[in-house]
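> I'd like to ask some things about the structure below.
The values are calculated or read from the model by the stated rules, or taken from the named source; none is laboratory data. Values in this document were obtained by computation on a predicted structure and should not be read as measured data. FYI the Cβ positions are ideal-geometry reconstructions off the backbone, even for glycines, and counts take in every protein chain you see. Quick note on the areas: whole protein, heavy atoms, side chains included, nothing else; ligands and nucleic acids left out. Shrake-Rupley method; radii C 1.70, N 1.55, O 1.52, S 1.80 Å.
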Amino acid sequence: MATNYSQDIKINIEEFNFEAVQKIYTWITSCVEQQQLEETPHFNIRYEIGTISCKTDSYEEFIRETYGVPLNIFDFSVGYHKLGISFFVYRNYIDEKLLKKCIAITISTNDRHIISQIVPTFEKIIESNMSKKTKNTEQLSEIKINVDGNLTMVGSSIGANNKSINIGKTSLQHETTQKTKDNFWKGVWQQIVANWIWYFMGLLCATILTYFGIDYLLK
């Protein structure tokens, strides 16, 4: 009987759902492709939809039939029979190091040389993808921008799935002060103009009355 070698890898993903199957399947096939090992993967999965137990050996059928459907996934495997490599993926309820639920993968092969190549590559792929997710969802530190002393912007940026949402507020202190000064002098100027208008109107009325009074006396 040939010796079989295996190694367990735990992934910090708590929910064993449709998205998790997609991610892990992509990581597995990408790992094997990077080793320049060519073979069509054999896929098997066990899951439940409500009270109905399901099993399929077609990844495409699983994606087509379960998209958007609440699932209870038990486990799935991706095997490369000619290469003698298999990936068994299952829910590891409690991880001693992480102290929470996670997903575990057992990589098995009858060639120790292959497993010594596959495992480090697979771990790098997982680390790279998990770190991208962390960077996309973490909140950045507060950002302050001052433009010519007129505008101060304070805010933070949160990003996810290559999408970012900017949450910020603007403080237009200088502009507000300038507007207050402008409004004050505008009011003063309007008051002066109004006083001069009333003065000239009074002077005009007095001149008219004086003219008509003198003209009446001359007659």
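> Can you put I197, I125 in order of accessible area, largest first, using a 1.4 Å probe?
These residues rank, largest area first, as I197, I125.
> Normalised by the number of residues in the range 63-117, what is the relative contact order in percent for Cα pairs under 8 Å and 6+ residues apart?
Over the range 63-117, the number comes to 25 percent.
> Between S128 and Y90, take the C-beta separation as r, use R0 = 35 Å, and let me know the FRET efficiency to the nearest 0.05.
It comes to 0.95.
> Scale the Cα Rg of the range 7-124 by the rule-of-thumb value 2.2 N^0.38 Å and send over the ratio, two decimals.
Compared with the compact-globule rule of thumb, the range 7-124 sits at 1.07.
> Using 0.36 nm per residue of separation minus the Cα-Cα distance, give me the extension gain between N110 and E38 in nm, one decimal.
24.2 nm
> Quick one: which of K10/K101; K23/K101; K23/K82; K55/K124; K23/K124; K10/K124 span more than 20 angstrom between C-alpha atoms?
The answer is K23/K82; K55/K124.
> So, one more: Of D57, D111, which has the most accessible area and how do the rest follow, probe 1.4 Å?
D57, D111
> Explain nothing, just the number: relative contact order of the range 1-122, from Cα pairs under 8 Å at least 6 residues apart, as a whole percent.
Relative contact order, the range 1-122: 35 percent.
> Applying 1/(1 + (r/R0)^6) with R0 = 22 Å to the Cβ-Cβ distance of R46 and V69, what FRET efficiency is obtained, to the nearest 0.05?
0.90
> List the chymotrypsin sites (Phe, Trp or Tyr not before Pro) in the range 1-107 that DSSP assigns to loop (not H, G, I, E or B) and whose Cβ has at most 15 other Cβ atoms within 10 Å. Which are they?
In loop regions of the range 1-107 (DSSP not H, G, I, E or B), the sparsely surrounded chymotrypsin sites (Phe, Trp or Tyr not before Pro) are Y67.
> What accessible area per residue, rounded to a whole number of Å², is obtained for the range 16-67 using a probe radius of 1.4 Å?
That works out to 61 Å² per residue.
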